[in-house]
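Note sheet for the following structure.
The values are calculated or read from the model by the stated rules, or taken from the named source; none is laboratory data. All values reported here derive from a predicted model rather than from experimental measurement. Positions of Cβ are backbone-derived with ideal geometry, glycine not excepted, and every protein chain shown enters the neighbour counts. Each accessible area value is taken on the protein alone, full model and side chains, heavy atoms only, with ligands, DNA and RNA left out. Shrake-Rupley method; radii C 1.70, N 1.55, O 1.52, S 1.80 Å.
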Amino acid sequence: MGDRSTAEKEGHKPVADPATLAIIAAERQRCIDRVLTYAALRDQAAVNLDSAASGTGPEKPSE
């Protein structure tokens, strides 16, 4: 467990290009937004399942 990977040994090289930094920041934000969207959808699905199980939702029982 004490072994460091090659990437850790070499270290991270600083990125000096402002365009590259902007792309990295935009991609990071896009990933964060996707995670938050997924979490909101998951939570809404849980609420919908609970409502359907208790019969309090807007869905009509199947005939």
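Shown is the FRET efficiency for Asp43 and Leu21, computed with R0 = 35 Å from the Cβ-Cβ distance and rounded to the nearest 0.05: 0.60.
Residue separation of Ser54 and Gln29 scaled by 0.36 nm, minus their Cα-Cα distance, works out to 5.2 nm of gained length. The residues of region 16-57 present an accessible area of 82 Å² per residue when probed at 1.4 Å with all protein chains retained.
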